[in-house]
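*Asks:* Sending over a structure as structure tokens; questions will come in a sec.
The values are calculated or read from the model by the stated rules, or taken from the named source; none is laboratory data. Computed from a predicted model, the values in this text were never measured in an experiment. Counting neighbours? That spans all protein chains shown, and the Cβs are built from the backbone with ideal geometry, glycine included.
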Protein chains: 2
Amino acid sequence: MADLNIPKTNAERILILGGGFAGLNLAKALKNKGKQVVMLDKHNYHTFQPLLYQVATAGLEPDSIAYPIRNIFKDYPNFYFRMAKAERIESEKNILHTNIGPISYDKLIIATGSETNYFGMKEVEQKSMPMKTVPEALNLRSLILQNFEAASLTVDLKERERLMNFVIVGGGPTGTELAGAFAELKSHVLPNDYPDLDFRRMSIHLVEMADKVLPPMSKFSSAHALSYLEKLGVQVWLNTAVKGYDGKTVSTNKSELPASTLIWAAGVKGNVIEGLKEKEDFDKGRYIVNEFNQIGQHQNVFALGDVAGMSTKEFPTGHPMLAQVAIQQGQNLAKNIIRSDKGRSYRPFKYKDLGSMATVGRNKAVVELYNKIMLKGFPGWAVWMLVHLISLVGFRNRLVVLLNWFVNYFSYDRKIRLIIRPFENPFMKKSE
Amino acid sequence: MADLNIPKTNAERILILGGGFAGLNLAKALKNKGKQVVMLDKHNYHTFQPLLYQVATAGLEPDSIAYPIRNIFKDYPNFYFRMAKAERIESEKNILHTNIGPISYDKLIIATGSETNYFGMKEVEQKSMPMKTVPEALNLRSLILQNFEAASLTVDLKERERLMNFVIVGGGPTGTELAGAFAELKSHVLPNDYPDLDFRRMSIHLVEMADKVLPPMSKFSSAHALSYLEKLGVQVWLNTAVKGYDGKTVSTNKSELPASTLIWAAGVKGNVIEGLKEKEDFDKGRYIVNEFNQIGQHQNVFALGDVAGMSTKEFPTGHPMLAQVAIQQGQNLAKNIIRSDKGRSYRPFKYKDLGSMATVGRNKAVVELYNKIMLKGFPGWAVWMLVHLISLVGFRNRLVVLLNWFVNYFSYDRKIRLIIRPFENPFMKKSE
């Protein structure tokens, strides 16, 4: 089947891999610009990753943070979506090979994001839980609840404690927000469900290699986030590195933490695709790109967002892997493509830091806007919610999320404690 | 582990299998009556089955029609839930064996509901889609969307048509409501997503053995439902029986229907458990019970709802398998248990028919209340929605469903078109 059944027209074909923040913003900005835009993604939906942790902790339905890609582009002429997995780039021929066949391109944009990075620790990879996709978040939700069902059944107190302990590795926004959500499950939600368990035995550990949580944020934010976490009862281990995990005990350079569940939020690496031969294209799992997001010598192959390693004076080891970088790079590339059609030259990418934020719990968040305004407590929390609501794709999704947040706030509850598909890790031994 | 880690007290232990309508209503009515109530279910949530078809057709999130059982009973003293699958009853010893161990009981109540009945057609069972549980509804949702993704890729017009055809077997409420929902997907939703497909080629077939749809309802309702279905473009095959299905073509006694998807809503059978030896306990897959829901000679073993075959003058072949029967039998048994504690005798079950209803599409429903009031069109549709909203478990669920219905109604859309876990049938050959 030629070109995934997409007609070849005179219009330049822009092939975008990935419907994340970068790909979405690039494609949107190319509407009615005389291009044929083809987007591939292995999922048929865009995932709003910043709220995945609330799916994992039973606060939001998965369906309200995901949005069908075809629906986003339903009014876009000459736009094609295919659910496919990219397999290999044949850049000499301008062809991409996918699991459903080859497709040719005029420009190829790799916006495949990142995947969990275990830094080569095989055992940790097999036995810990990642949380980068909707199915992974649902697996984690199931596992948390399955652990408590199992804890209700065991008479071995050590085993019960292990089932009730959760170790989160990585004190960035994901790990910090997740740890806070676990703490709220512990204090408000789970004790109602499991009256026969003693919740003083449940521990939530947050392990971070640096000397503070939220390392890229200011001292102000890190210090407040740490104090929020401690108030909520999270045990924070700074300057601590995980050495191994056998499925029962997490070994660190400081101590051993017994826990049936290890959640790995300690690092990501670019989700690169086979086929680009230049070795210098790869740096810590990202494509090295120039200031126009071009990869190496390939004039018509670009990388955006997490998978692009653009080194500048300000960011010598590449831009941070953040939604804002991906969005802005997508928009900049669209502008450049349009400029070049008009005979103008590409403009280099310039990152505008709008700020960063993290929420730890109800009325507890830290927010930095434009590197000037610092917020914490309730005002920070309100801004955090507002920004996330606005950024969500889809009117229905915003309404449903808002409604859930209202109900959760006033009921102190998380209603979506459903084990719809039980999680089974083929590497984990079942404890009977 | 003794008794699934549940303490043995002086209180009589009522062991309820199944958190469906019957089990839920029985357990609720036994609150503070001096009993130890133990409920087992293979899921940790109650499923509101009447709205499953909207989950399958991308209209509702699965999480809003399911509700965690532990949460329902959080304020019930001496209530215990265990996520477990019943395996075998040892009635001589008053013990139930489960996948997580044995448990003893004083009274055992089997309220395990029903499962899809293929009437011995193995090939149909392997190659068709059931829709009795939340995971099954999600599988169907994924498969529908996967079919259209595949149809976009194929150049073989016959294959494409097959992928766009859906055969629903069974013209009861489930089949009728599902066919209507498919018709709305066809007319309002899918053409936006797949502009390169010709939707005149999509067919929805509803196959029913009887000479009318909604067989147990009145002529008035059946005739109107049929006319609604035909208006929406559903091809209704009455007096038609399915003979076989090879995954590509449905053979009936009338004709052959090419379709990659066959949805089986043509029958259910009681979900009985191994171990009760009396053969007369089984009739078409249900336990034969007396007017007190007792099974055979077992004074302390009861069956409720779908799995109970209670034959009366009015219902010589057993009561219909309806939510209302299950609810009322659960309530009646609770009353009888309380009566017997006070030395009074059991009262026979008497079914109060509150009516029945089915919705075919927007502003199109048929409703019969108390066998007196007949509604159709918009009034019927409004009553249908109201009754289903009230019957849902949980305030949050009601709000979210109401919100989704509003959005769906005014946008003519179904937003939850997500393939979160692709469906793979091990028996089906993948079409490349």
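*Asks:* For the structure I just gave you, tell me whether residue A:250 is away from chain B (no Cβ under 14 Å) and either under 22 Å from the mean Cα position of the chain (by Cα) or of a type in the set (Gly, Ala, Ser) (or both).
*Replies:* Here the answer is no, as residue A:250 does not meet what is asked.
*Asks:* Something else: Checking residue B:306 against (1) under 30 Å from residue B:183 (Cβ atoms); (2) in a loop (DSSP other than H, G, I, E, B): exactly one of these is not met. Which one?
*Replies:* (2)
*Asks:* Might you let me know whether segment B:160-180 holds any residue that is surrounded by fewer than 18 Cβ atoms within 10 Å (Cβ to Cβ) and closer than 28 Å to residue B:421 by Cβ?
*Replies:* no
*Asks:* Being surrounded by 23 or more Cβ atoms within 10 Å (Cβ to Cβ) and not small (Gly, Ala, Ser) narrows it down to one residue among A:268, A:325; which is it?
*Replies:* Exactly one residue qualifies, and that residue is A:325.
*Asks:* To continue, here is another question. Could you tell me which numbered condition residue B:211 fails, if it satisfies all but one of (1) surrounded by 22 or more Cβ atoms within 10 Å (Cβ to Cβ); (2) modelled with pLDDT of 95 or more?
*Replies:* (1) is the only condition that residue B:211 fails.
*Asks:* Are any of the residues in segment B:314-322 modelled with pLDDT of 90 or more and of a type in the set (S, T, N, Q)?
*Replies:* The answer is no, given that none of the residues of segment B:314-322 is modelled with pLDDT of 90 or more and of a type in the set (S, T, N, Q).
Every residue, every condition in (1) at pLDDT 95 or above; (2) within 14 Å of chain B (Cβ to nearest Cβ); (3) under 25 Å from residue B:192 (Cα atoms), yes or no:
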residue: A:75; (1), (2), (3): no, yes, yes
residue: A:85; (1), (2), (3): yes, yes, yes
residue: A:89; (1), (2), (3): yes, no, no
residue: A:97; (1), (2), (3): yes, no, no
residue: A:102; (1), (2), (3): yes, yes, no
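*Asks:* For the structure I just gave you, tell me whether residue B:140 is at pLDDT 95 or above and under 21 Å from the mean Cα position of the chain (by Cα).
*Replies:* yes
*Asks:* Scan segment A:133-152 and tell me whether some residue there is under 30 Å from residue A:37 (Cβ atoms) and among the aliphatic types (A, V, I, L, M).
*Replies:* The answer is yes, given that some residue of segment A:133-152 is under 30 Å from residue A:37 (Cβ atoms) and among the aliphatic types (A, V, I, L, M).
*Asks:* Let me ask something else. Quick check on my filter: what residues within segment A:184-201 are acidic (Asp, Glu) and more than 31 Å from the chain's Cα centre (by Cα)?
*Replies:* Matches in segment A:184-201: A:196, A:198.
*Asks:* Restricting attention to segment A:188-199, does a residue exist that is over 18 Å from residue A:129 (Cβ atoms) and touching a Gly at 6+ places or on another chain (Cβ under 7 Å)?
*Replies:* no
*Asks:* In addition: Residue by residue through segment B:107-126, note down the ones that are among the charged types (D, E, K, R) and part of a helix (DSSP H, G or I).
*Replies:* Correct list: B:122, B:123, B:125.
*Asks:* Can you tell me which residue is nearest to residue B:87 (Cα to Cα) among those in segment B:8-38 that are in contact with a helix residue (DSSP H, G or I) (Cβ under 6 Å, 6 or more places away or on another chain) and of a type in the set (A, V, I, L, M)?
*Replies:* B:16
*Asks:* Could you look through segment B:348-366, keep only residues that are touching a residue at least 40 places away in the same chain (Cβ under 8 Å) and closer than 29 Å to residue B:295 by Cβ, and pick out the one that is surrounded by the fewest Cβ atoms within 10 Å (Cβ to Cβ)?
*Replies:* B:348
*Asks:* Still on this model: Suppose we keep only residues that are under 23 Å from residue B:148 (Cβ atoms) and assigned to a loop (DSSP other than H, G, I, E, B) within segment A:10-21. Which one would you say is nearest to the other protein chains (Cβ to nearest Cβ)?
*Replies:* A:19
*Asks:* Would you pick out the residues in segment A:125-183 that are more than 13 Å from chain B (Cβ to nearest Cβ) and among the hydroxyl-bearing types (Ser, Thr, Tyr)?
*Replies:* Answer for segment A:125-183, where residues must be more than 13 Å from chain B (Cβ to nearest Cβ) and among the hydroxyl-bearing types (Ser, Thr, Tyr): A:128, A:174, A:176.
*Asks:* Does segment B:151-174 include one or more residues that are aromatic (Phe, Trp, Tyr) and within 24 Å of the chain's Cα centre (by Cα)?
*Replies:* Within segment B:151-174, one or more residues are aromatic (Phe, Trp, Tyr) and within 24 Å of the chain's Cα centre (by Cα).
*Asks:* Please verify whether segment B:301-315 includes one or more residues that are among the charged types (D, E, K, R) and closer than 30 Å to residue B:71 by Cα.
*Replies:* Among the residues of segment B:301-315, at least one is among the charged types (D, E, K, R) and closer than 30 Å to residue B:71 by Cα, which makes the answer yes.
*Asks:* Give the residues of segment A:43-63 that are more than 7 Å from chain B (Cβ to nearest Cβ) and among the polar types (S, T, N, Q), sorted by residue number.
*Replies:* Listed by number, the residues that qualify are A:47, A:49, A:54, A:57.
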